[in-house]
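> My structure is below; once you've seen it, I'll send some questions.
A short reminder: the numbers here are calculations on the coordinates, not readings from a lab. In this text the structure is predicted, and so the values were computed from the model without any measurement. Cβ: placed from backbone, ideal geometry, glycine included. Neighbour counts: every protein chain shown.
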Ligand code: SF4
Ligand code: SF4
Ligand code: SF4
Ligand code: FES
């Protein structure tokens, strides 16, 4: 175990979460959601999930079923910033594929994009890039969300500007 | 009992059926066949394939008959051009993402998808592939999963959770990404899967199959430097005929032996010999535990899926397991020591192949501790670890043996019956019934009773432990003490028994646990399909074989007596301890590095 202290603190917190939700409606989803928030990278680590399974008696395969079904659960560490490119039909016809490629070029992760991965995080853990099937904002296509703010009629230039702002502001020491 | 009946009309004909049954069931009662694919009686109704569609008068869309219940006055059409088109389209949609690998697929000729596609007249590929190709899961020594061939019927998930209470697999993702997964895609070999193969037994396609070892066995048979012996488990003789096109439950011991000789095995032996040996060891272990206040109840240990289950889920109760190895492993250890010495051949040149109704046996043979013959010889002969060999080299399932027979062009039903070779081919009726749930218990009681009381049994049939009930109980009087025993099959029932033990509430002295429904005759390596009707037929054949054996108690097997006299000396003795007994591991419940932590 590489981080024994943080882990055991996390596990203790899970104990509390499990106890709190016991018997409540939607127990499992509640437990998983709060467990995810415990993690500084906002994801469900294998350790955490295994522990939830031991505490709740829900088989691991079943937990995996649940966390892969709902898109708000993450199984990999999340970057500090999130970029979500809409890949719905309307956005697609307005060039969202190109926008996605641009994100790849700007952040230096074109390779992952070519592999068709729909979610990945840059190695420096600064950005998580994902796609959605549709934001429901088709009139504003193409749409890109950056840190949960939706930007409409997105263009390469606008994208570059926004990402540039974030990069400068949030530079890590 | 549901006595309220409703009147429905199927294809214009009236039929009275109980309320609350499905359309599918109603039609079957009325003698009308509706094609189905994902549905499997007693196992699952996931209603995912849309093959069982019927027209219901007044309904806007076609209805899935496997989940729709009948109601008073319902009018149905089960066969029409519209239905054929709809059913066919649904199968074509499944096929769009299905590799057309039939020619090289283990389920070729025994595949429900292939059959239904043929029956519905699928002729061309109308739809394009929408799913990503996935790599097969090769992490387990027993089974191979190929997600690409999966039609998401959910049968495997249902069996693994409802029958086995293991839940090693479940659906994951959603929409087009839906698939069957192990936890975090770790693969069956890295999660708490018992390798029971019940998932493979119910899978309609080639998406979960046994890990095929036929090529390695053909290779050994073709190698003139090797002395290749084969052992066959009890349940194989009531399964292999079925796999070769004969009636369900056909008892074909003699033909099986003849077929194995044709394949070129140097000796054709019987795992039943080792089953008699197991009874000698296990019976004495039980008596010792009772008289020396050892850990009770003692639980049988011949079913490797059950062993792995206990190691994962009940690691603190392993002391209840008999230390006896399974008959397969006892056979290997005896063949490569006693028998090799008797013949004067180098045990390194001996290849032991077993034919089993079981996929978990493949993994059992490769447990690291199953090299006791090598350990036995190595010091005397100054061998190094490079010479190491397993007690059992290859494990074939009944289905694999059938493939070997077929591939060599054997006319199986026409073979003249032949006898096993001796000495490791002789067995009693007690060993035959090892293949059915309750059989090990009955065999053990036949011997234990006579050893303890010194009296002959008047009736050797312990019928209370026979039959397909999930958990059975019996009491036996021995020298004034009442010994309570229990028999359970499926891991779900095993779990109940174990929970009772862990609560300190188990009233039993001895328990037989088998992983698969019905015992080994319903094993994960048996012919497909295996239904309850078929299981019962296989069981009947085993009990019939037992009844007609001249010797029916393990301790009466003359070759077992000789083995003790010449080699082992006594049950539970020094040699037995090294060759025939074993230990169990606490296995991490789930993910490896967590075990230490929690
Ligand atoms: S699973 Fe069935 S349809 Fe698919 S390749 Fe195998 S035999 Fe053919
Ligand atoms: S082999 Fe048995 S335990 Fe493993 S996935 Fe299949 S049914 Fe479940
Ligand atoms: S693996 Fe087989 S049994 Fe399981 S869902 Fe897929 S097709 Fe059905
Ligand atoms: S058999 Fe009814 S939907 Fe598959």
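> Residues of B:178-190, mean number of Cβ from any other protein chain within 10 Å of their own Cβ, rounded to a whole number?
Numbers: counts 3, 1, 2, 4, 3, 11, 10, 2, 4, 0, 0, 0, 0.
That average works out to 3.
> What's the long-distance tail for the stretch B:420-570, i.e. % of Cα pairs beyond 26 Å?
32
> Can you give the relative contact order of the stretch A:1-132 as a percent, counting alpha carbon pairs under 8 Å and 6+ residues apart?
Details: 131 pairs, mean separation 27.5, N = 132.
Worked out over the stretch A:1-132, it gives 21 percent.
> Still on this structure, please answer the following. Rg and Dmax in Å for the stretch B:5-79, alpha carbons only: what are they?
Computed over the Cα atoms of the stretch B:5-79, radius of gyration and Dmax are 11.3, 31 Å.
> Percent antiparallel among DSSP beta bridges with both residues in chain A, to the nearest 5?
Bridges in chain A that DSSP calls antiparallel: roughly 60 percent.
> Oh, and also: Given the Cα atoms of chain B, and with Rh set as the inverse mean 1/r over their pairs in the Kirkwood sense, what is Rg to Rh to two decimals? Mind dumping the intermediate values first?
Values: Rg = 25.4 Å, Rh = 25.5 Å.
Taking Rg over the Kirkwood Rh, I get 0.99.
> What does the helix-only formula give at 222 nm for chain A: each DSSP H stretch with n ≥ 4 adding -39500 (n - 2.57), the total divided by the residues, and the result rounded to the nearest 500 deg cm²/dmol?
Working: 8 runs with 87 residues, N = 173.
It lands at -15000 deg cm²/dmol.
> Over the Cα atoms of the stretch B:42-143, what Rg and Dmax result, in angstrom?
My reading of the Cα-based Rg and Dmax gives 16.8, 54 Å.
> Over the whole of B:261-272, what's the average partner chain Cβ count within 10 Å per residue? Rounded to a whole number, please.
Working: counts 0, 0, 0, 0, 0, 0, 0, 0, 0, 0, 0, 0.
Per-residue shielding by partner chains comes out at 0.
> With each run of n ≥ 4 DSSP H residues scored as -39500 (n - 2.57), what mean residue ellipticity at 222 nm is computed for chain B after dividing by its residue count and rounding to the nearest 500 deg cm²/dmol?
-9000 deg cm²/dmol, from helical runs alone.
> If you build the convex hull over the alpha carbons only and average its shadow over all orientations, what do you get for the stretch A:54-149? Give it in nm² to one decimal.
Mean shadow area of the hull around the Cα atoms is 7.5 nm².
> To check my understanding: the extent here is largest minus smallest coordinate of the Cα atoms along each principal axis. What are those three numbers for chain A, in Å, largest first?
Taking the Cα atoms of chain A, the three principal extents are 49, 38, 27 Å.
> Let me check I have the definition right: for the stretch B:289-422, take the eigenvalues of the Cα gyration tensor, multiply each by 5, take square roots. What are those semi-axes in whole Å, largest first?
29, 23, 15
> Pairing the Cα long axis of helix A:96-107 with the longest principal axis of chain A, what angle in degrees results, from 0 to 90 and rounded to the nearest 10?
80
> Arrange the following residues from fewest to most other Cβ atoms within 10 Å of their Cβ: B:534, A:166, A:83.
A:166, B:534, A:83
> Give me Rg over Rh for the stretch A:3-69, both radii from the alpha carbons and Rh done the Kirkwood way, two decimal places.
0.93
> Could I ask something else about it? How large is the direction-averaged shadow of the alpha-carbon convex hull of the protein assembly as shown, in nm²?
Computing the convex hull of the Cα atoms and averaging its projections yields 40.8 nm².
> For the stretch B:384-471, what D do you get in µm² per second when you plug the Kirkwood radius from alpha-carbon pairs into Stokes-Einstein at 4 °C and 1.567 mPa s?
After rounding, the answer is 75 µm²/s.
> Between 0 and 90 degrees, rounded to the nearest ten: what's the tilt of helix A:60-69 against the longest Cα principal axis of chain A?
30
> Shielding of B:167-173 by partners, i.e. mean partner chain Cβ atoms within 10 Å per residue?
6
> If you average the sequence gap of Cα pairs under 8 Å that are 6 or more apart and divide by the length of the stretch B:96-210, what percent do you get for the contact order?
Computed value for the stretch B:96-210: 32 percent relative contact order.
> Please give the peptides A:131-137, B:98-104, B:258-264 ranked by average Cβ packing (other Cβ atoms within 10 Å per residue), highest first, as a rough proxy for protection.
Descending packing order for the listed peptides: B:258-264, A:131-137, B:98-104.
> Let me check against my output: what whole-number percent is the relative contact order of chain B, with C-alpha pairs under 8 Å and at least 6 apart?
It rounds to 16 percent for chain B.
> Something else now. Relative to the longest principal axis of chain A, what angle (0 to 90°, nearest 10) does the C-alpha long axis of helix A:46-56 take?
40
> Based on the alpha-carbon set only, what is the convex hull volume of the stretch B:111-165 divided per residue, in Å³?
Numbers: hull volume 7.0 nm³, N = 55.
Each residue corresponds to 128 Å³ of Cα convex hull volume.
> Now, a different point. With a Cα-only, solvent-free Debye model of the stretch B:96-210, what are the log10 I(q)/I(0) values at q = 0.21 Å⁻¹?
One equal scatterer on each Cα of the stretch B:96-210 leads to -1.25.
> Arrange the peptides B:235-241, B:575-581, B:122-128, B:491-497 so that the one whose residues have, on average, the most other Cβ atoms within 10 Å appears first.
Per-residue mean Cβ counts within 10 Å order the peptides as B:235-241, B:491-497, B:575-581, B:122-128.
> For the stretch B:260-354, what value does the Rg/Rh ratio take when both radii are computed over Cα atoms and Rh is the Kirkwood radius, given to two decimals?
With Rh from the inverse mean 1/r over Cα pairs, Rg/Rh is 1.07.
> Further question on the same structure: Highest mean first, how do B:407-415, B:363-371, B:510-518, B:198-206 rank when packing is the count of other Cβ atoms within 10 Å averaged over residues?
Put in order of decreasing packing, that is B:510-518, B:198-206, B:363-371, B:407-415.
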